[in-house]
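The block underneath contains the structure these notes are about, expressed in structure tokens.
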Amino acid sequence: MNPLIIETAKSVIASSAPLVFAGIGEMFTERAGVVNLSLDGSILLSAMAAFAIAFLSGSLILGFLGGMLVGMLIALLVAYGAIALKQDQVAIGFVLTLLCADLSSFIGKPFVRKPGPSVPHWPIPGLVNIPVIGRILFDQDVLVYASYAVILVAWVWLFYTQAGLRLRSVGERPEAAFARGIAVNRVRYLYTALGGALVGLAGGGYSLSVKLGWSHRHTAGIGWIALAIVIFGGWHPFRVAFGAYLFGVLKSVGSLLQPGFPNIPTQVFQAAPFALMLLALLLVSGDREGLARRLPKPLRAIVQALLAGRPPAGLGKRFEQG
Amino acid sequence: MKIQLRDIYKYFGPVRANDGISLEIESGVIHGLLGENGAGKTTLMKILSGYQSADRGTILLNGRPVHFRSPADAIAAGIGMLHQDPLDVPAFSALENLALGSPGGPFLNRARARRTLETLGRRFGFSLDPDAPVSSLTVGERQQLEMVRLLALGVRVIILDEPTTGISAPQKALLFQALHQLSQEGLAVIFVSHKLEEVQELCSRVTVLRQGKVAGELRAPFATDEMVSLMFGQALGTYGRRPIPLGEIILQVENLTVRSPRLELNGVHLTVRAGEVIGLAGLEGSGQRLLMLACAGLQKPHGGRIILGGQDVTGRPYTTFLRHGVAFVPAARLEEGLVPGLTLREHFALAGDTRGFLIRWDEADARAAQMIADFNIVGQADTRVEALSGGNQQRALLALLPERLRLLILEHPTRGLDIASSRWIWHRLLERRERGTAILFTSTDLDELVEYSDRIVVFSGGKMSAPLETSRVTVEELGYLIGGRGL
Ligand SMILES: Nc1ncnc2c1ncn2[C@@H]1O[C@H](COP(=O)(O)OP(=O)(O)O)[C@@H](O)[C@H]1O
Ligand SMILES: [Mg+2]
């Protein structure tokens, strides 16, 4: 197979890992019925924190843990504001987005463009020798392998465990969950925190691996993409992951094409993936039936299966027990 | 197991939902809890099953006081409740609903849930699709599923809140049979209803609630008069239907075809005159709703003509129909009729003169106050509509209609209402008829159709019968026609 394609696929997988973490994290949060809208700010602040901690301590592990802690604390703020203080989740999330972004620039000043530690490359012995697949999937770093695990575990968790069933019930119909003895708001806190930790991991993934180092607004925009990917993915782990990889493909196609079109400003190629993602989102959340009807028969079922999915019925709704 | 409720009080602001209720329930008995809408039945049962806490009062199980902090507590003590609107997760399959909250290991055990559903289903003759999402099941089936779930959890007391609303006749028969079976097996069954006949048919004891208090206790056989006077505190007056001369032609439907994804209604001819009441009979989903929507201008016909007051309005927008004095009152009061979240006063502001830039709050307030008094709505101007009871929502909907109407189309105008409210609603409707408004309405209650219609048309599978003169048709004949015979 064309080595260029293999290299591109490999880099798409690698560069999409943080987006997978963030998307699956937010998916967990939303499955519990809470929207953590602060993702764009959370990722920035946790990327900064992870880099700063790793830079100062020299420990990657501490860096990642620090990033996850930051993500988790921000998420808990959202949960606390929404559940305990009964405030609007969207408003809290939005304010936190702005606040965390500014905070990351302010606190991160001393670390701008400093060379720092990075996650080492670690091909998995044996698996890496599988033709084609091995080079794409298993010639990566630990972070990428963790992203595979997160996708799989999320899927099993949601659909094959009692805990996952409880989680889904809380997001779908909290009254019914309560009636069955489930502590609705505790579950909501728990998964908001878990989702936030994954979002924090995504931040660390950028500053310590995918987009090494720290600079002003280092990851700006990614959080919104992650939020869109959750919708695109219909709150299903596989499809959320697919959305993350799709975004990666769009980005790398942009950078591959760019040298061929010297007349087009580079900003167009940088912005195009965002626009295309928006388009994909429109297709998915718009008139799905109509879209499916217009496609040739064989494609129809595939597209329908791909596009099936709707938000948890209790998403964003407050729950107070009688 | 013996349940005693002692001096239960529960107030919602000024509303005394339960005002010192004491009650005893024994095993092996189907115990009826009868009362009109708003009597406090649901509140009391929610307290007994742990969904709400009482302001005051005690619950004794076998003589020992218990405190339920959640429904799960009550279930652990053996008390389970089936809510009027089944409290399940619509997006889940039947199996997932069964598994949710049932004891077991860390993994979701679909096989075990399947076995439970099969065994218990077989015992009661329920056949439920285990894998389809519950949202695709009928209310009756969802009720069966909830029953299976509670029994699988081992409850010994099962409470059913208005279980026959919205279920089919065969489902009702199956339900009653299952309830008999359960009581014979020694369970206590509490059957909450506002329908006299059902309580008479099923229960051996009944407690009647009125305005949050126990109005009386009866044992079978029950005398209807006695039940009615306990429920309402007085005998019911009938408003009666005066014969009136019919006026000019209001509505002409000619060879109408209307399609929905599931059904096609075709070949409909109908002429309606001022002051005439036409009852639309038939099983739900036989085409009545399509005709109503088309006549209200809410759905474009595929063929034929609709003529209002001599003018062809086929295919014209809804606003044209409104201008011609047509109004539609849907059965889904909160979904289609009212705006949840808005208060009564805001509804009157919306329904009133909306031409200016600023809201005429003074006018809206005056109108709200007048209508609340006029229509006996139990609520204040600043009550949100979703907080009103079903009967009061229906009154509000009627109060919001324009003064002058030529054609009033009503979908199940008295569904879920008690006898007194239904009569009152019809009293107001018949008043409009005397002022020349023509009325089209659907109902599944044959007595209501026969009592209030001048003519009845019967729908079956997208076909409409020729109009029948009500004076020449009996409830039995109507039943045959609805069953699809003779069309
Ligand atoms: N959560 C609530 N908030 C305010 N009022 C309520 C609430 N629940 C019930 N009510 C009021 O309490 C009264 C009794 O209601 P309910 O127990 O539902 O009666 P029933 O089931 O007999 O129709 C009604 O007037 C109702 O409007
Ligand atoms: Mg009730």
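The values are calculated or read from the model by the stated rules, or taken from the named source; none is laboratory data. No experiment lies behind these values; they were computed from the predicted model shown. Methodologically, a virtual Cβ is constructed for each residue, glycine included, from the backbone with ideal geometry; neighbour enumeration extends over all protein chains shown. SASA here: full protein model, heavy atoms, side chains in, ligands and nucleic acids out. Shrake-Rupley method; radii C 1.70, N 1.55, O 1.52, S 1.80 Å.
Pick out the one residue from A:90, A:70, A:78 that is in a helix (DSSP H, G or I), of a type in the set (Val, Ile, Thr) and open to solvent by 50 Å² or more (accessible area, probe 1.4 Å). None of the others qualify; the one that does is A:90. Among the criteria (1) within 25 Å of residue A:233 (Cβ to Cβ); (2) of a type in the set (A, V, I, L, M, F, W, C); (3) buried (at least 16 other Cβ atoms within 10 Å of the Cβ), the one residue A:103 does not fulfil is (1).
The residue that is nearest to ligand 2 (Cβ to nearest atom), counting only those in the stretch B:195-211 that are touching a helix residue (DSSP H, G or I) at 6+ places or on another chain (Cβ under 8 Å) and open to solvent by less than 20 Å² (accessible area, probe 1.4 Å), is B:209. Here are some conditions: (1) farther than 24 Å from residue B:340 by Cβ; (2) in contact (Cβ under 8 Å) with a residue 12 or more places away in the chain; (3) assigned to a helix (DSSP H, G or I). Residue B:399 meets all but one. Which one does it not meet? Failed condition: (1). Which ones in the stretch B:369-393 are near ligand 1 (Cβ under 10 Å from one of its atoms) and touching a strand residue (DSSP E or B) at 6+ places or on another chain (Cβ under 7 Å)? Within the stretch B:369-393, just B:383 meets the criteria.
Give me the residue from the stretch A:243-252 that is in contact (Cβ under 8 Å) with a residue 60 or more places away in the chain and not polar (S, T, N, Q) and, out of that set, surrounded by the most Cβ atoms within 10 Å (Cβ to Cβ). Among them, the one singled out is A:244. It is to be established whether one or more residues within the stretch B:169-191 are under 30 Å from residue B:405 (Cβ atoms) and either more than 16 Å from ligand 2 (Cβ to nearest atom) or of a type outside the set (S, T, N, Q) (or both). For the stretch B:169-191, residues under 30 Å from residue B:405 (Cβ atoms) and either more than 16 Å from ligand 2 (Cβ to nearest atom) or of a type outside the set (S, T, N, Q) (or both): absent. Evaluating residue B:176 against the criteria (1) closer than 24 Å to residue B:47 by Cα; (2) under 20 Å from the mean Cα position of the chain (by Cα); (3) modelled with pLDDT of 95 or more leaves one unmet condition, (1). Against the criterion of being within 16 Å of ligand 1 (Cβ to nearest atom) and either aliphatic (A, V, I, L, M) or touching a residue at least 12 places away in the same chain (Cβ under 8 Å) (or both), residue B:37 qualifies.
Looking only at the stretch B:8-18, how many residues end up being near ligand 1 (Cβ under 10 Å from one of its atoms) and either more than 25 Å from the chain's Cα centre (by Cα) or modelled with pLDDT of 90 or more (or both)? Residues that pass the stated criteria total 6. Answer with yes or no whether residue B:190 is farther than 17 Å from residue B:125 by Cβ, within 19 Å of the chain's Cα centre (by Cα), open to solvent by less than 10 Å² (accessible area, probe 1.4 Å) and among the β-branched types (Val, Ile, Thr). No: the conditions fail for residue B:190. The residues on offer are A:150, A:199, A:170, and the sole one that is within 14 Å of chain B (Cβ to nearest Cβ) and at pLDDT 95 or above is A:170. Set side by side, the residues B:435, B:406, B:455 differ, and just one is basic (Lys, Arg), out of contact with any strand residue (DSSP E or B) (no Cβ under 8 Å at 6 or more places or on another chain) and either in contact (Cβ under 8 Å) with a residue 24 or more places away in the chain or assigned by TED's automatic domain parsing to the domain that holds residue B:480 (or both), which is B:435.
Screening the stretch B:82-97 for residues that are open to solvent by 10 Å² or more (accessible area, probe 1.4 Å) and more than 10 Å from chain A (Cβ to nearest Cβ) and picking the one that is nearest to residue B:112 (Cα to Cα) gives B:93. Here residue A:159 fulfils each of the conditions (1) within 7 Å of chain B (Cβ to nearest Cβ); (2) open to solvent by 10 Å² or more (accessible area, probe 1.4 Å); (3) without any contact (Cβ under 8 Å) to a residue 12 or more places away in the chain apart from (1). Residue count for the stretch B:156-166 satisfying the condition of being open to solvent by 10 Å² or more (accessible area, probe 1.4 Å) and more than 16 Å from ligand 2 (Cβ to nearest atom): 1. Among residues of the stretch B:253-274 that are assigned by TED's automatic domain parsing to the domain that holds residue B:311, those with a beta-carbon under 8 Å from a residue that is surrounded by fewer than 18 Cβ atoms within 10 Å (Cβ to Cβ) and of a type in the set (Ser, Thr, Tyr) at least six positions away or on a different chain give the pairs B:253/B:271; B:264/B:257; B:265/B:257; B:266/B:257; B:267/B:257; B:268/B:257. Within the stretch A:225-241, the residues that satisfy the criterion of being touching a residue at least 60 places away in the same chain (Cβ under 8 Å), part of a helix (DSSP H, G or I) and crowded, with 16+ Cβ neighbours inside 10 Å are A:225, A:226, A:227, A:229, A:230, A:231, A:237, A:239, A:240, A:241.
Looking only at the stretch B:43-65, residues that are under 22 Å from residue B:165 (Cα atoms) and modelled with pLDDT of 95 or more come to 7 in all.
Elements of the type helices (runs of 4 or more DSSP H) sitting completely within the stretch B:291-378 and holding at least 2 residues that are under 23 Å from residue B:414 (Cβ atoms) and either of a type outside the set (Val, Ile, Thr) or within 29 Å of the chain's Cα centre (by Cα) (or both): these cover B:344-351, B:361-374. Entry remark, the stretch B:167-201: residues being within 16 Å of ligand 1 (Cβ to nearest atom), in contact with a Leu (Cβ under 8 Å, 6 or more places away or on another chain) and not in a helix (DSSP H, G or I) number 5 in total. Whether a residue is at pLDDT 95 or above and away from chain B (no Cβ under 14 Å) was assessed, and residue A:239 does not pass this test.
Screening B:82, B:117, B:61 for residues that are under 19 Å from residue B:46 (Cβ atoms) and touching a Pro at 6+ places or on another chain (Cβ under 8 Å) leaves exactly one candidate, B:82. Please find, within the stretch B:45-76, the residue that is farthest from the other protein chains (Cβ to nearest Cβ) out of those that are more than 16 Å from ligand 2 (Cβ to nearest atom) and buried (at least 19 other Cβ atoms within 10 Å of the Cβ). My answer is B:59. When each of B:102, B:70, B:53 is tested for being out of contact with any strand residue (DSSP E or B) (no Cβ under 8 Å at 6 or more places or on another chain) and within 15 Å of ligand 1 (Cβ to nearest atom), the lone residue that passes is B:53. Here's a check for you: in the stretch B:423-442, which residue that is open to solvent by less than 20 Å² (accessible area, probe 1.4 Å) and out of contact with any helix residue (DSSP H, G or I) (no Cβ under 7 Å at 6 or more places or on another chain) is nearest to residue B:164 (Cα to Cα)? Filtering the stretch B:423-442 for residues that are open to solvent by less than 20 Å² (accessible area, probe 1.4 Å) and out of contact with any helix residue (DSSP H, G or I) (no Cβ under 7 Å at 6 or more places or on another chain), the one nearest to residue B:164 (Cα to Cα) comes out as B:441.
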